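Asker: Structure below; questions to follow.
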Amino acid sequence: MTDPTPQALATPTPEATRQLIAFRGDRTATGPATWGQQHIWRDIVAMLPDTAFFNIAQVAFVPPGVDLPGVLEQLAELTSRHESLRTLAVPGADGSLQQRVLAEGTFEVDVLELTGAEHGAELREHFAGAARRLEGRGFDNTAEVPFRALVGVLDGVPQAVVLCLSHFAADLAGVRLLAGELGALLAARAEGAEPPPRPPAREPLEQAEFENSPDGLRMEEKALRHWSTQLDRAPADNFPRPPGDPAAPRFWRGELVSRAVPEALRAAAERHRSTVPNVLLAATAALLARSEGLEACGLKLVTANRFRPELHHAVGNVAQEVFVAIDASGDSFTDVLRSVWTATLGAHRNGQFRPERARALAEEAGVAVDCLVNDLWSTTWETPDHPALSPGQLAQAAGESVFRWADRLDQDEVAFFLETFAVFEDPGLIRITLLGDTSRMEPARIEGFLRGLERVLLALAEGDLPPADFPSVAGLNVPGPVFR
């Protein structure tokens, strides 16, 4: 099968001209890293030298009337407004981590001259590819500011800006806020109006100060009690059989691009009176548990941690991974949905803590916490305005789904990591990736899980499906019993 990526994305980007743009902020300061920064820093170090894996990019379009100097000026304004964009990581010899805010310096902007492109789909496709290429260059978070940009210029007129940040600087919600703020600044510039003020929000140094305050530490204790409760309810390992011989490289990431899955999720959510994110998580958890001969599974999820007013508009990395135990033992999919709703509600209320303390709890409990689900797609998905597809149309759409191997890694710390993404060029598609440890999931089972999840969701769109039947519908054999 072929990759559905449009041809415009497969062609090399013309050479861009790199400029260094100066910024100036209010202060130079050093202090403890936030818990969110500590969390992602450990992951970044574990993946060295592939730090680009943790980059995040977003696109903002430039309104008519703003020239290139105006765009560059607003990018410098963003960097001056937000300390996270000019913060370095300062690791200590003892394993501690601090953050250092720079008062002045420079960041890189690549200017890409375009010819023959047009507004609309072609421009969107071109910049989807440019964003991926921009993301593919890692940051040295200890030496360079964690922010860069690319400006696309058509016949001398700026058309779009790709913002790229290290995950150390901001999570996805923070980068989306930044892109929205840039759009507002550019719109004001185009209209000759005063720039909108920066929305009030905590800076990372202020967040770290709160986390280490009495109120912050009480919040952490509550979160860790929740972790302990969830660990008590989870199986010791989602893959209870002894590991097999891994492939080389050991970790394989498969990718399924589907038009059927969004439509099936929409129909299943309506049928089961739930939400699209909960249906996706419940189906994933139940399929993982039941295909391994278990009646529950433990998963780490990503929580945004933006429920506090002072973090609503924070451009920073405040997201953390939280652990949930999901019960898949019931006779109905509705039972799994109920477990998901309860578990996720509690987890998202208890998502701020020092990551090393949570790891210590998991080790003490003897529970493997190496399975993750990160659903990014549903955070931007909107219900389409066309009628729901019929079962026949869903089956036809599923026949057009495309699987490919995205990459293979020598090192990681996960056994199972499922993520969902929007497809920039086509909002009707979803891209689901699964990174698996081939000593726990052989490559054929990684592909089988993604294709099987699609089959399960199509079945749930038509009616109820007992969790015990998930493996057979998915086409996944259940391994035999574990002898101890």
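Bear in mind that the values in this text are calculations on the coordinates, not laboratory data. Bear in mind the structure is a predicted one, so any value in this text is a computation, not a measurement. Because the Cβ atoms are built from the backbone with ideal geometry, glycine has one as well, and the counts that use them run over all protein chains shown.
Asker: Out of the range 285-325, which trypsin sites (Lys or Arg not before Pro) are coil in DSSP terms and have no more than 13 other C-beta atoms within 10 Å? Can you show the working numbers first?
Answerer: Details: sites: ARG290, LYS300, ARG306; in loops: ARG306.
Loop-located and lightly packed - none at all.
Asker: Starting at 0 and stepping by 10 Å, how many percent of the alpha carbon pairs of the range 7-199 end up in each bin?
Answerer: Going out from 0 Å in 10 Å bins, the range 7-199 shows 9, 36, 35, 16, 4, 0 percent.
Asker: Taking the Cβ of GLU221 as the center, what net charge do the other residues with Cβ under 14 Å away carry, scoring Lys and Arg +1 and Asp and Glu -1? Kindly include the intermediate steps, with their values, before the conclusion.
Answerer: Numbers: positive: ARG218, LYS222, ARG225, ARG349, ARG354, ARG357; negative: GLU211, ASP215, GLU220.
Net charge around GLU221: +3.
Asker: Let me ask something else about it. Report the label-to-label distance for GLU194 and GLN411 in nanometres (one decimal), using points 7 Å from each Cα along the Cα→Cβ vector.
Answerer: 5.3
Asker: Could you pull out which residues in the range 227-262 have an amide N less than 16 Å from a spot 7 Å beyond the Cα of GLN393, following the Cα-Cβ vector?
Answerer: Under 16 Å, as judged by backbone N against the label point of GLN393, lie 259-262 of the range 227-262.
Asker: Alpha carbon centre of the range 426-484 versus the range 213-280: separation in Å?
Answerer: Taking the Cα centre of the range 213-280 as reference, the centre of the range 426-484 is 14 Å away.
Asker: Now, a different point. Based on the alpha-carbon gyration tensor of the chain and its eigenvalue square roots a ≥ b ≥ c, which shape applies: rounded if a/c is under 1.5, prolate if not and a/b is larger than b/c, or oblate? Present the calculation step by step, with values, prior to reporting the outcome.
Answerer: Working: a/c = 1.83, a/b = 1.31, b/c = 1.40.
Oblate, because a/c is 1.5 or more while a/b does not exceed b/c.
Asker: With +1 on the Cβ of every Lys and Arg and -1 on the Cβ of every Asp and Glu, and nothing else charged, how large is the dipole of the chain about its Cα centre, in debye rounded to the nearest 20?
Answerer: On the way: 44 positive and 67 negative charges, 161 e Å.
For the chain, the charge dipole is close to 780 debye.
Asker: Let a ≥ b ≥ c be the square roots of the eigenvalues of the Cα gyration tensor of the range 325-484; is it rounded (a/c under 1.5), or, if not, prolate (a/b larger than b/c) or oblate?
Answerer: Numbers: a/c = 1.42, a/b = 1.38, b/c = 1.03.
Rounded, since a/c falls under 1.5.
Asker: Charges on Cβ only, +1 for Lys and Arg, -1 for Asp and Glu, centred on the Cα centroid of the range 7-199; of VAL66, PRO195, THR79, which one is farthest towards the dipole's positive end?
Answerer: THR79
Asker: Grab the Cα-Cα distance for THR142 and ALA236, subtract it from 0.36 nm times how many residues apart they are, and report the gain in nm with one decimal.
Answerer: Numbers: separation 94, 0.36 × 94 = 33.84 nm, distance 3.70 nm.
Contour length minus the Cα-Cα distance gives 30.1 nm.
Asker: Among TRP227, TRP381, what is the fewest-to-most ranking by other Cβ atoms within 10 Å?
Answerer: Details: TRP227 23, TRP381 18.
Ascending Cβ contact count within 10 Å gives the list TRP381, TRP227.
Asker: Once a ≥ b ≥ c are taken as the square roots of the eigenvalues of the Cα gyration tensor of the range 221-474, is the result rounded (a/c under 1.5), prolate (a/b larger than b/c) or oblate (a/b not larger than b/c)?
Answerer: On the way: a/c = 1.43, a/b = 1.22, b/c = 1.17.
Here the range 221-474 falls in the rounded category.
Asker: Can you give me the C-alpha center-to-center distance between the range 316-338 and the range 170-191, rounded to a whole angstrom?
Answerer: 33
Asker: Which residues' amide hydrogens lie under 5 Å from the amide hydrogen of ARG306, considering only partners 5 or more residues apart or on another chain, with H built in the peptide plane?
Answerer: Counting only residues 5 or more places away or on other chains, the set is empty.
Asker: Additional query: Mind giving me the nanometre distance, one decimal, between the label points for ALA103 and ASP26, set 7 Å out from Cα along Cα→Cβ?
Answerer: The modelled label-to-label distance comes out at 1.4 nm.
Asker: Is it possible to state the helix-based mean residue ellipticity at 222 nm for the chain, with each DSSP H run of 4+ residues giving -39500 (n - 2.57), the sum divided by total residues, to the nearest 500 deg cm²/dmol? What is it?
Answerer: Details: 14 runs with 181 residues, N = 484.
It comes out at -12000 deg cm²/dmol, rounded to the nearest 500.
Asker: I've got another one for you. What order do you get for THR284, THR28 when you list them from fewest to most C-beta neighbours inside 10 Å?
Answerer: Numbers: THR284 26, THR28 11.
In increasing order of surrounding Cβ atoms, one gets THR28, THR284.
Asker: In whole Å and largest first, what semi-axes does the C-alpha gyration tensor of the range 298-381 yield when each eigenvalue is scaled by 5 and square-rooted?
Answerer: Details: eigenvalues 108, 74, 23 Å².
Largest first, the range 298-381 gives 23, 19, 11 Å.
Asker: Across the range 304-311, in residue order, what do the Karplus-derived ³J(HN,Hα) couplings come to in whole Hz, using 6.51 cos²θ - 1.76 cosθ + 1.60 with θ = phi - 60° and x for Gly and Pro?
Answerer: Karplus values, whole Hz, x for Gly and Pro: 6, 6, 10, 6, 7, x, 6, 10.
Asker: Another one. Can you work out the FRET efficiency for the pair ALA444 and ARG349, with r the C-beta to C-beta distance and R0 = 51 Å, to the nearest 0.05?
Answerer: Numbers: r = 39 Å, r/R0 = 0.77.
E between ALA444 and ARG349, to the nearest 0.05, is 0.85.
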